[in-house]
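Asker: Here's a structure for you.
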There are 2 protein chains.
Amino acid sequence: MDKIRQNTLHGEVAERIRDLIAQGALAPGSRVPEKQLCEQFGVSRTPLREALKVLAYEGFVELLPNRGARVAKLTKATLKSTFEVMQSLEALAGELAGQRITEAELANIEALHYQMLSHYKRGNMQEYLLANQQIHEAIVVASQNDVLIDVYKNLNHRVRRVRFTAELSNDYWSQAVSEHESMVEALRARDGAALGGILSRHLRNKVEMSALEEMAE
Amino acid sequence: MDKIRQNTLHGEVAERIRDLIAQGALAPGSRVPEKQLCEQFGVSRTPLREALKVLAYEGFVELLPNRGARVAKLTKATLKSTFEVMQSLEALAGELAGQRITEAELANIEALHYQMLSHYKRGNMQEYLLANQQIHEAIVVASQNDVLIDVYKNLNHRVRRVRFTAELSNDYWSQAVSEHESMVEALRARDGAALGGILSRHLRNKVEMSALEEMAE
DNA sequence: GCAAGGTCTTCTGAATTCATAATTAAGGTT
DNA sequence: AACCTTAATTATGAATTCAGAAGACCTTGC
């Protein structure tokens, strides 16, 4: 995220608003009260409105002419679209990571993988999902493609608020774990094509989608 | 681009700055003179700076703390990364378009395809590239995936300034045309898998990359 | 003559002020 | 009593003002 230091005021404000949205403090579809947030953050409206412009582009809010900003609704259709794109990007990341991953990155992913396995065996889903997430992010970073990393992180941010709410069935869960096993093997073999294929068929996102059928309006 | 009306002042300003960058009026690496652009556009600094925040997240400029904005340099590495991602997104678009394309969209793409062929036969490269571009965009739109469309258009914007400068060799050109032939066939057959495969191997971007070897620092 | 330190100018970052548009409430009319 | 119209209030959009930082230029000392 912060390839350039995010130490600007509008950057800080944007980050905090993202958090508010992710936490649900700002409900989807509700208006974003500029004045209230200003005093809450202790800043004037100028940096806050700059932050809103950025958030609008990132897809967190939508700007209505002369009517301010509303929190984006994140419909089921949007979620589906987002996961489709993320899955495709992960496939590309896998392909590239197979060619470009460093020893250190591989070791890190293996460590995460074993952590994830241990969480799986203990049935700790929250920790499992966290490690899972970190593995996918690490693969994206290992692609060494800055544009890919940026776009992926942005999309990941957008769906952050619905992550970690999924309830996995045991069948899905065990299959996802076995796919992760194959992923690590492909990484060790530096087999980008195989890894890309696994990731493009990896059902993590599909699982999350199905788990989200009820929510998201 | 304008899913919501872009009729805001900062949106207009952003568009005009994008144009200036694409036209080369603002050189890569050079600073963005706020004051000068303000009087040039006849607006105050507030909407202009809001526009710069957006452009920063779009990748057109980078913000240096307390030193304003510089036009992003678009190095060869960045170009390569961008094309990698775009190619992957096009592959996904092809896959989805195969399942979801409407009759009208298909007819439109076929019409563009024949226009493109005619430009090819006449050796009119500029017109060929334009039609080519439109076909790829139309396939992306036919994917019916709004997130994909947004991300793709953004990346397309970024590389706009280096498009249409490529000089294609005859070998590359004829191969690209034959690949386009296969693409239209796959679309007619609603064969998303095939179309995705063709697009992921389509060498248009590679051609452009090679043609851009010398430029972009 | 060259370098180092300081000051001055210019530009960015943020707050405040001003204007305009929208929404809501109140009053009048039907 | 209900609905429409109008006015007032509130919030957004933009300009201006103010403060702080960076860069340039000049002066002075070595």
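The values are calculated or read from the model by the stated rules, or taken from the named source; none is laboratory data. Everything numeric in this text was worked out from a predicted model, so none of it was measured. Here Cβ is always computed from backbone atoms with ideal geometry, including for glycine, and neighbour counts include all displayed protein chains.
Asker: Could you list, in sequence order, the residues of the range B:14-39 that are polar (S, T, N, Q) and free of Cβ contacts under 8 Å to residues at least 60 places away in the same chain? Spell out the reasoning first.
Answerer: Here is the first cut: in the range B:14-39, the ones polar (S, T, N, Q) are B:23, B:30, B:36.
Within the range B:14-39, B:Ser30, B:Gln36 meet the criteria.
Asker: Among what's in the range A:1-12 and is among the charged types (D, E, K, R) and more than 10 Å from DNA strand C (Cβ to nearest atom), pick the residue that is modelled with the lowest pLDDT. Break it down into steps so the answer makes sense when it comes.
Answerer: As a first pass, look at the range A:1-12 and keep what is among the charged types (D, E, K, R): A:2-3, A:5, A:12.
Filter again for more than 10 Å from DNA strand C (Cβ to nearest atom), leaving A:2-3, A:5.
On the way: A:Asp2: 31, A:Lys3: 34, A:Arg5: 42.
Result: A:Asp2.
Asker: A follow-up question, please. Could we say that B:Val85 is buried (at least 21 other Cβ atoms within 10 Å of the Cβ), at the interface with chain A (Cβ under 9 Å from one of its Cβ atoms) and in contact with a Lys or Arg (Cβ under 7 Å, 6 or more places away or on another chain) here?
Answerer: Details: buried (at least 21 other Cβ atoms within 10 Å of the Cβ): yes; at the interface with chain A (Cβ under 9 Å from one of its Cβ atoms): yes; in contact with a Lys or Arg (Cβ under 7 Å, 6 or more places away or on another chain): no.
Here the answer is no, as B:Val85 does not meet what is asked.
Asker: With touching a Lys or Arg at 6+ places or on another chain (Cβ under 9 Å), farther than 28 Å from B:Ala131 by Cα and not aromatic (Phe, Trp, Tyr) as the only criterion, which of B:Glu110, B:Glu58, B:Glu50, B:Glu39 stands out? Even if it seems obvious, please write down each step before you answer.
Answerer: Numbers: B:Glu110 fails: farther than 28 Å from B:Ala131 by Cα; B:Glu58 fails: farther than 28 Å from B:Ala131 by Cα; B:Glu39 fails: touching a Lys or Arg at 6+ places or on another chain (Cβ under 9 Å).
The conditions single out B:Glu50.
Asker: Now, a different point. Taking the residues in the range A:13-26 that are of a type outside the set (Val, Ile, Thr) and surrounded by 12 or more Cβ atoms within 10 Å (Cβ to Cβ) as candidates, determine which candidate is farthest from DNA strand C (Cβ to nearest atom).
Answerer: By that ranking, first place goes to A:Ala22.
Asker: I need the helices (runs of 4 or more DSSP H) fully contained in the range B:1-64, keeping only those with at least 3 residues that are more than 11 Å from DNA strand D (Cβ to nearest atom) and within 12 Å of chain A (Cβ to nearest Cβ). Full working, then the answer.
Answerer: Details: elements: B:9-23, B:34-41, B:45-58.
By residue number, B:45-58.
Asker: When B:Val71 is evaluated against the numbered criteria (1) more than 11 Å from chain A (Cβ to nearest Cβ); (2) of a type in the set (A, V, I, L, M, F, W, C); (3) within 14 Å of DNA strand D (Cβ to nearest atom), which criterion, by number, is the only one it fails?
Answerer: (3) is the only condition that B:Val71 fails.
Asker: Of the conditions (1) aliphatic (A, V, I, L, M); (2) in contact (Cβ under 8 Å) with a residue 60 or more places away in the chain; (3) within 12 Å of another protein chain (Cβ to nearest Cβ), A:Ala97 satisfies every one except a single condition; which number is it?
Answerer: It is condition (3) that A:Ala97 fails.
Asker: Sticking with this structure for a sec: What about A:Ser143, is it free of Cβ contacts under 8 Å to residues at least 24 places away in the same chain and either in the same structural domain as A:Asn108 (by TED's automatic domain parsing) or over 30 Å from B:Ala56 (Cα atoms) (or both)? First the steps, then the outcome.
Answerer: Details: free of Cβ contacts under 8 Å to residues at least 24 places away in the same chain: no; either in the same structural domain as A:Asn108 (by TED's automatic domain parsing) or over 30 Å from B:Ala56 (Cα atoms) (or both): yes.
No.
Asker: Ok, one more. If you take the residues in the range A:44-59 that are over 13 Å from A:Glu12 (Cα atoms) and touching a strand residue (DSSP E or B) at 6+ places or on another chain (Cβ under 9 Å), which one is farthest from DNA strand C (Cβ to nearest atom)?
Answerer: The residue in question is A:Ala56.
Asker: Of the residues that make up the range A:114-132, is at least one away from DNA strand C (no atom under 16 Å from the Cβ) and within 8 Å of chain B (Cβ to nearest Cβ)?
Answerer: So in the range A:114-132, the residues away from DNA strand C (no atom under 16 Å from the Cβ) come out as A:114-132.
Remaining after also requiring within 8 Å of chain B (Cβ to nearest Cβ): none.
No, the range A:114-132 has no match at all.
Asker: Then there is this: Let me confirm something: among B:Leu64, B:Leu89, which residue is within 26 Å of A:Asn145 (Cβ to Cβ) and touching a residue at least 40 places away in the same chain (Cβ under 8 Å)? Outline the logic, then answer.
Answerer: Working: B:Leu64 fails: touching a residue at least 40 places away in the same chain (Cβ under 8 Å).
Answer to the check: B:Leu89.
Asker: Would you mind telling me which numbered condition in (1) in a loop (DSSP other than H, G, I, E, B); (2) charged (D, E, K, R); (3) within 14 Å of chain B (Cβ to nearest Cβ) A:Arg190 fails?
Answerer: (3)
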